[in-house]
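> Before anything else, here's the structure in question.
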Amino acid sequence: MPLLKTIRSIEPLWRDWDRKAQKSGLRSTMYSGSGDQYTGEWRNNLMHGKGKYVYKKANAIYQGDWICGMRSGYGTYAVKDATTEEYIRVYAGYWMNDKKHGYGTYYYSDDEYYEGGWECGKRSGWGKMLYTNGDIYEGEWHNNKCCGLGMLFLGRIYDGVWVKDIPKCGTLEDADCSEALNTEKLPIPEVKVANPKEVLEEVQRSILQEEKRKSDAT
């Protein structure tokens with residue numbers, strides 16, 4: 001009867017050495033097979049505490065807190081500029097399990113950024129977005145979109161309820177134009193609603209309740 005020989009998988013020696021090293025505490029720079037670099041604190045062979053990680057392929061760097069090998073706590077992420085060779089900050093704020101989570105600021109460009117809440121890497125909660133064209137939205141977000149109560153400033157101010165980046169119910173009024181030159185006031189017929197504030201609040205509540213019902217159902 002022929003003997004069956006089990007083929008044992010062979011792993012790189014560096015993995016065995018790394019496992020036996022059981023890195024803990026502050027260490028000098030460690031290099032990975034991909035060329036990435038980490039300098040900082042360890043616990044049980046995992047990046048844990050304060051540390052700096054350089055991503056070779058992405059030309060980026062993270063400096064901040066680590067928990068069990070993942071970016072967690074407060075930290076900044078920056079990308080190297082190809083022309084100046086300097087690192088340009090992209091995100092500064094809180095992380096959890098390698099994703100933006102909590103309060104933080106993300107810079108899309110020199111004149112466009114978001115400052116506010118994050119959840120699992122997406123804009124969520126209360127936040128302010130400044131757009132390149134000068135528009136500003138400040139209010140509630142969910143899953144990276146304006147959703148809930150918020151205000152949009154773009155020459156006119158919309159104050160009301162948003163659902164998935166769409167204004168649903170609110171008030172719209174012109175921004176302050178008192179300093180504009182040669183403005184002529186034209187008569188506008190007045191339209192009145194009985195208890196307009198109560199009517200608006202009631203409609204807003206019903207929209208938010210409906211969105212919450214849909215969210216709970218999914």
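The values are calculated or read from the model by the stated rules, or taken from the named source; none is laboratory data. Worth saying up front: this structure is predicted, and the values here are computed from it rather than measured. Heads up, the Cβs are rebuilt from the backbone with ideal geometry, glycines too, and the neighbour counts pull from every protein chain shown.
> Taking the stated definitions as given, is E85 among the acidic types (D, E) and at pLDDT 95 or above?
no
> Identify all residues within the range 101-152 that are among the hydrophobic types (A, V, I, L, M, F, W, C) and either surrounded by fewer than 17 Cβ atoms within 10 Å (Cβ to Cβ) or under 21 Å from R89 (Cα atoms) (or both); write none if there are none.
Hits for the range 101-152 are W118, C120, W126, M129, L130, I136, L149, M151.
> Also: Being out of contact with any Gly (no Cβ under 8 Å at 6 or more places or on another chain) and either at pLDDT 95 or above or assigned to a loop (DSSP other than H, G, I, E, B) (or both) is true for just one of K23, K52. Which residue is that?
K23
> Among the residues of the range 37-49, which ones are surrounded by 15 or more Cβ atoms within 10 Å (Cβ to Cβ) and in a loop (DSSP other than H, G, I, E, B)?
Correct list: empty.
Yes or no, residue by residue, for (1) part of a strand (DSSP E or B); (2) modelled with pLDDT of 85 or more; (3) among the polar types (S, T, N, Q):
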| site | (1), (2), (3) |
| --- | --- |
| S124 | yes, yes, yes |
| T132 | no, yes, yes |
| Y137 | yes, yes, no |
| C147 | yes, yes, no |
| D159 | yes, no, no |
| P167 | yes, no, no |
| G170 | yes, no, no |
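> Oh, and also: Within the range 84-100, work out how many residues are surrounded by fewer than 17 Cβ atoms within 10 Å (Cβ to Cβ) and in contact with a Lys or Arg (Cβ under 6 Å, 6 or more places away or on another chain).
1
> List pairs: first in the range 57-83 and in contact (Cβ under 8 Å) with a residue 12 or more places away in the chain, second assigned to a loop (DSSP other than H, G, I, E, B), Cβ under 6 Å, 6+ apart or cross-chain?
Qualifying pairs under 6 Å: M70/N97; M70/D98; R71/D98; K80/N59.
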